[in-house]
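Engineer: This is the structure, below, for whatever I ask next.
The values are calculated or read from the model by the stated rules, or taken from the named source; none is laboratory data. In this text, all values refer to a predicted model and were calculated from it rather than measured experimentally. When we count neighbours, we look across all protein chains shown, and the Cβ atoms used for this are built from the backbone with ideal geometry, even at glycine. All accessible areas refer to the heavy atoms of the entire protein, side chains included, with ligands and DNA or RNA removed. Shrake-Rupley method; radii C 1.70, N 1.55, O 1.52, S 1.80 Å.
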Amino acid sequence: QVRVMESGGGLVQPGGSLRLSCRASGSRFSFGTMGWYRRTPGDQRELVSSITNGGTTTYADSVKGRFTISRDNAKNTVYLQMNNLKPEDTAIYYCNAYLYSHPHWGQGTQVTVSS
């Protein structure tokens, strides 16, 4: 059974940093694109960043220059380094991992940016 598990959320002051991790498991085959979405307090879901298994990345305009996504294919793990965090980055961050065009989702991890 495929499982996707996030970690690394928490409370941080504006201007601070956090690193999120997400590991996908339960498949003999390699996962495809992995990415991070977030659901804001206003209940809007948006793509934050994604990375293919070849290393091609995408970013939402709101996080460009502040967030960096990376991936360890051997561990089926994706990371999101978040720097210069702002209060508007407060959200539940969800990881997904594609396997044969089907997305598998984690339970989410809360990120709160507040002084």
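Engineer: Could you check how many residues of the stretch 61-101 are over 22 Å from ARG28 (Cα atoms) and either among the aliphatic types (A, V, I, L, M) or not in a loop (DSSP other than H, G, I, E, B) (or both)?
Structural biologist: Looking only at the stretch 61-101, we keep the residues that are over 22 Å from ARG28 (Cα atoms), and these are 61-69, 80-94.
Those left that are additionally either among the aliphatic types (A, V, I, L, M) or not in a loop (DSSP other than H, G, I, E, B) (or both): 61-63, 67-69, 80-82, 85, 87-89, 91-94.
Summing the residues that are over 22 Å from ARG28 (Cα atoms) and either among the aliphatic types (A, V, I, L, M) or not in a loop (DSSP other than H, G, I, E, B) (or both) in the stretch 61-101 gives 17.
Engineer: Mind checking which residues of the stretch 61-83 are buried (at least 18 other Cβ atoms within 10 Å of the Cβ) and either at positive phi or among the small types (Gly, Ala, Ser) (or both)?
Structural biologist: Within the stretch 61-83, ASN76 is the sole residue that qualifies.
Engineer: Answer yes if at least one residue in the stretch 65-81 is more than 14 Å from the chain's Cα centre (by Cα) and over 19 Å from SER7 (Cα atoms), and no otherwise. I'd like the intermediate steps shown before the answer.
Structural biologist: Here is the first cut: in the stretch 65-81, the ones more than 14 Å from the chain's Cα centre (by Cα) are 65, 73-75.
When the remaining residues are screened for being over 19 Å from SER7 (Cα atoms), the result is 65.
For the stretch 65-81, residues more than 14 Å from the chain's Cα centre (by Cα) and over 19 Å from SER7 (Cα atoms): present.
Engineer: Among the candidates ALA97, ALA91, which residue alone is closer than 20 Å to VAL12 by Cβ and hydrophobic (A, V, I, L, M, F, W, C)? If you could, list the steps in order and put the result at the bottom.
Structural biologist: On the way: ALA97 fails: closer than 20 Å to VAL12 by Cβ.
Being closer than 20 Å to VAL12 by Cβ and hydrophobic (A, V, I, L, M, F, W, C) holds for just one of ALA97, ALA91, which is ALA91.
Engineer: Just give me the residues in the stretch 43-60 being assigned to a strand (DSSP E or B) and open to solvent by less than 50 Å² (accessible area, probe 1.4 Å), in sequence order.
Structural biologist: Result: VAL48, SER49, SER50, ILE51.
Engineer: Now for a different question. In the stretch 84-98, which residues are touching a Gly at 6+ places or on another chain (Cβ under 7 Å) and surrounded by fewer than 20 Cβ atoms within 10 Å (Cβ to Cβ)?
Structural biologist: ASN84, ILE92, TYR98
Engineer: Return the residues of the stretch 2-42 that are of a type in the set (D, E, K, R), open to solvent by 60 Å² or more (accessible area, probe 1.4 Å) and closer than 23 Å to ASN84 by Cα; say none if nothing qualifies.
Structural biologist: Within the stretch 2-42, ARG19, ARG39 qualify.
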